[in-house]
Amino acid sequence: MGQEMKEKKNSLEESCQCGEGYHEHSCGCSGGTEESTCGHGFDSHQHSSFTSVYSREQEKKKHLKGDELLRYRDLEIFNGVETENLNALLYCMKSYVRSYKKGEIVHLEEKNEQHVGVVLQGSIHMLKTDVWGNETLLTYMNEGEIFGETFGNNTAAGEYVSFVAASKAEVLFISFQKAIHVCKNRCAFHFRLIENLFDLIGKKNIQLMEKIEVTSRSSLREKILAYLSLQAQKQKSKYIELGLSRTDMAQFLCTNRSAMTRELSQLKDEGIIDFDRNTFILKQ
């Protein structure tokens, strides 16, 4: 029996293509909640028994071969990573998934380790609050986009900004340190993850530059038109769908909702734009 258990353990460790062996990993999940699971379904408080670890690992592998694994495969951060390598990669990254209600704060730190978030569902807002309690929407992340990468080496991120679920949301977290440091086996798919991560960081920087471009305009009208123009360019159409509510849009433009609503109505009356809820048409 002891020899059989040893053979199973060796087989399981060899299956981890990052060379560390599943039993040697520590879990990045919080444990104890239904909404928080690591990439391989391990609870951090249940690693004592090899048999239970093995059975849960096999069960999670079956699950990840279905809809969940397909969903992860389509994320931009995993571009170029073969489907059969996703199990090992998610585990090596100490990944876990957590769900949030609208308005709930998203924390990047787990067990004194910083993580990068990948939006699986919904939208996440990055907010800055001044000493008077006024909030500014710096940027927002939709499905497939990352957040928290700027604060990967800074445990005091909460002092600068906060991340809030703008709607019902689901987030995949991966360890920042595990993501940027290649494992001892120098797996090809780990290198690909690093490349994808830096590509997404570059896109995030462009988003912040766009924010500066919009808010640096001298008048509210110019800010609105600059923002709509950017969205039209991204969507490659004069018929555009905005992902922000009126309140969020006003916050993003650094103005109040009443003033923005009046300016939008004026632009509509002048025939420059037309809109119905979040659908806009640029006429001129």
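Hey, what's the stretch 228-284 come to in accessible area per residue, 1.4 Å probe, Å²?
Working: 3340 Å² over 57 residues.
Value for the stretch 228-284: 59 Å² per residue.
From the square roots a ≥ b ≥ c of the eigenvalues of the alpha-carbon gyration tensor of the stretch 105-144, which class results: rounded (a/c under 1.5), prolate (a/b over b/c), or oblate? Write out the running numbers ahead of the final one.
Values: a/c = 3.20, a/b = 1.28, b/c = 2.50.
In terms of gyration-tensor shape, oblate.
Return the subset of Lys101/Lys236; Lys236/Lys283; Lys128/Lys204; Lys128/Lys238; Lys111/Lys178 for which the Cα-Cα distance in this structure is over 20 Å, preserving the input order. Spell out each step's value before the answer.
Details: Lys101/Lys236 32 Å; Lys236/Lys283 14 Å; Lys128/Lys204 17 Å; Lys128/Lys238 31 Å; Lys111/Lys178 14 Å.
In this structure, Lys101/Lys236; Lys128/Lys238 exceed 20 Å between Cα atoms.
Please report, in whole Å³, the volume per residue of the convex hull around the C-alpha atoms of the stretch 166-220. Provide the component values of the computation, followed by the final result.
Working: hull volume 5.5 nm³, N = 55.
So the per-residue hull volume is 100 Å³.
Any idea how far apart Ile281 and Lys236 come out in nm if each label point goes 7 Å out from Cα toward Cβ?
It works out to 2.2 nm between the two label points.
Top to bottom by accessible area (1.4 Å), largest first, where do Glu263, Glu241, Glu222 land?
The residues order as Glu241, Glu222, Glu263, largest area first.
Can you tell me the dipole magnitude for the stretch 165-253 around its Cα centre, using point charges on the Cβ only (Lys, Arg +1; Asp, Glu -1), in Debye to the nearest 20?
Working: 15 positive and 8 negative charges, 25 e Å.
With Lys and Arg at +1 and Asp and Glu at -1, about 120 debye.
Taking θ = phi - 60°, what integer Hz values does the Karplus form 6.51 cos²θ - 1.76 cosθ + 1.60 yield along the stretch 213-229, in sequence order, with x for Gly and Pro?
These are the phi-based 3J(HN,Hα) values: 4, 6, 6, 7, 5, 6, 10, 5, 4, 5, 5, 4, 5, 5, 5, 5, 5 Hz.
Let a ≥ b ≥ c be the square roots of the eigenvalues of the Cα gyration tensor of the stretch 212-270; is it rounded (a/c under 1.5), or, if not, prolate (a/b larger than b/c) or oblate?
Details: a/c = 1.41, a/b = 1.26, b/c = 1.12.
It comes out rounded by the Cα gyration axes.
Using amide H atoms built 1.01 Å from N in the peptide plane, name the residues 5+ places from Glu110, or on other chains, whose amide H lies under 5 Å from its own.
Those qualifying (amide H under 5 Å, at least 5 residues apart or on another chain) are His115.
Once you order the gyration tensor axes a ≥ b ≥ c over the Cα atoms, which shape class does the stretch 107-254 get: rounded for a/c under 1.5, otherwise prolate or oblate by comparing a/b with b/c? Before the final figure, lay out the partial values.
Working: a/c = 2.20, a/b = 1.57, b/c = 1.40.
Prolate shape, in that a/c is at least 1.5 and a/b is the bigger ratio.
Apply the Karplus curve 6.51 cos²θ - 1.76 cosθ + 1.60, θ = phi - 60°, to the phi angles in the stretch 238-251 and return the couplings in whole Hz, x for Gly and Pro.
3J(HN,Hα) across the stretch 238-251, in whole Hz: 7, 9, 10, 10, 9, x, 10, 6, 4, 5, 5, 5, 4, 5.
Could you list the residues of the stretch 80-112 with an amide nitrogen less than 11 Å from a label point located 7 Å from the Cα of Gln121 in the Cα-to-C-beta direction?
From the stretch 80-112, the list is 98-101.
At 0.36 nm per residue, and after removing the present C-alpha to C-alpha distance, how many nm does the segment from Glu135 to Phe191 gain when stretched out fully? Before the final figure, lay out each step's value.
Values: separation 56, 0.36 × 56 = 20.16 nm, distance 3.78 nm.
Stretched fully, the Glu135-Phe191 segment lengthens by 16.4 nm.
Each residue of the stretch 204-212 in order: what ³J(HN,Hα) in whole Hz does its phi give by Karplus 6.51 cos²θ - 1.76 cosθ + 1.60, θ = phi - 60°, with x for Gly and Pro?
Working through the residues one at a time gives 5, 4, 5, 4, 5, 5, 5, 4, 5 Hz.
Taking the full set of protein chains and a 1.4 angstrom probe, give the accessible area of Arg217 in square angstrom, rounded to the nearest 10.
Estimated to the nearest 10 Å², Arg217 gives 90 Å².
Would you mind telling me the share, in percent, of accessible area of the stretch 126-276 contributed by carbon and sulfur at probe 1.4 angstrom? Each step should come with its number before you reach the end.
On the way: 4000 of 7920 Å².
Answer for the stretch 126-276: carbon and sulfur cover 51 percent of the accessible area.
Can you tell me the FRET efficiency between Gln177 and Gln266 if r is taken as the Cβ-Cβ distance and R0 is 35 Å, rounded to the nearest 0.05?
Details: r = 51 Å, r/R0 = 1.45.
Using R0 = 35 Å, I get an efficiency of 0.10.
The values are calculated or read from the model by the stated rules, or taken from the named source; none is laboratory data. On a predicted model such as this, the values are computed, not experimentally measured, just so you know. Positions of Cβ are backbone-derived with ideal geometry, glycine not excepted, and every protein chain shown enters the neighbour counts. Protein only, heavy atoms only, side chains kept; ligands, DNA and RNA dropped before computing areas. Shrake-Rupley method; radii C 1.70, N 1.55, O 1.52, S 1.80 Å.
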